[in-house]
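One structure is given below, encoded as structure tokens.
Just so you know, all these numbers are worked out from the coordinates, no wet-lab data involved. Computed from a predicted model, the values in this text were never measured in an experiment. Every residue, glycine as well, gets a Cβ built from its backbone with ideal geometry; the counts of neighbours run over all protein chains shown.
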Amino acid sequence: MKNLKKLSVLLLAGLMLTACGKTENKKAEEKKDLPTEKVSFLLDWEPNVNHAGLYVAMDKGFFADEGIEVEVNQPPANGAEALVASGKADFGVSYQDTIAPAFASDKPLPVTAVAAIINHNTSGIISLKDKNIERPKDMENHNYATWGLPIEQAILKQVVTDDGGDFSKVQLIPENVVNAVQAISGKIDTVWIFYQVDGVLAGKENVPINYFAFRDISPVFDYYTPILIANNDFLKNKEDVAKRFMRAFSKGYEYAAENPKEAADILVKINPELDKDFVEKGMEYLADKYKDDAKYFGEINPDRWNNFYAWLWENKLIDKEIPKDFGFTDEFINPEKLK
């Protein structure tokens, strides 16, 4: 009897494995038969480590496996949002803070955030170490290179004030800084940076710096930057194509996180104008930050998203209150919904 039971279990297991194998083979065959779909993608800046997963997915054939051909373009001076909204690009890279005014409107921009490219805000303030600017209050009696954006300046004012400082004692100098390390080595005292770029550059060039991150000062400033946005009509009318793209996109970032050196090599191979050593160091810093403590790559936490937009409204930085959970979705990034 025991032998019969064992035989039954083995037969059942064999049948299950055969069924699973057939299912996987069927899925593989279906993918082979997929028609090739062209998808346009708009960067937010010149290619850099924020985009590594995209290029990995292209190089490793993840998009090709999904029947997707990706055309990557760099954005105009005013960013990717308008072109994605107009349908001239299907996907683009944006930021939760930058896109807020476009959502706070009677006619919101027809785009949706479909993934967080980096799970936590990696931006903050950089300065030369010998200027002893170790915290927001220390920015008093120093200058700051500003983009002149209301949200930017309001965040800075909040962190300085909350730290007991007087924001009126921070001299704002309008300047669109391209190289923060170069700027603070000259007439500029402080610059808002993303650490994976200018923080890493300072280390590479052996420039001693101080740095404080906004997310360490207040949870409300741990908003999502950068994010992946998509055109709403594209998501609605080509849902299957969008999901195929997102499966490959996610796979690219997961691979980059697990293989930062190879991801750096791929990024430089496709974009040979980049400095290889700089890219490698940037990937070393960023590899564990794409997903970080999220349940899966690209997850957008509703509370973090909503809290930042609530702060903007409370501080009169947007013209209209953005409804809770507006402007993002997990339909195209949650692995359970991409099956």
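Within segment 123-221, DSSP assigns beta bridges of which about 60% are antiparallel (rounded to the nearest 5). Only helical runs count toward this figure. For the chain, summing -39,500 (n - 2.57) over DSSP H runs of n ≥ 4 and dividing by all residues gives -12500 deg cm²/dmol at 222 nm. Convex hull volume of the Cα atoms of segment 192-339, normalised per residue: 155 Å³. Taking the DSSP bridge list for the chain and keeping only pairs wholly inside it, about 55 percent are antiparallel. When each full DSSP H helix of the chain is screened for a Cα extent of at least 20 Å along its own axis and an average Kyte-Doolittle hydropathy of at least -0.5, the helices passing are 2-32.
Highest-first packing order for the peptide set 189-199, 68-78 is 189-199, 68-78, based on the mean count of other beta carbon atoms within 10 Å. The GluC sites (Glu not before Pro) of segment 121-180 that DSSP puts in a loop, and whose beta carbon has at most 13 other beta carbons within 10 Å, are Glu134.
Once the mean of 1/r is taken over each pair of separate Cα atoms and inverted, segment 123-221 shows a Kirkwood hydrodynamic radius of 13.3 Å.
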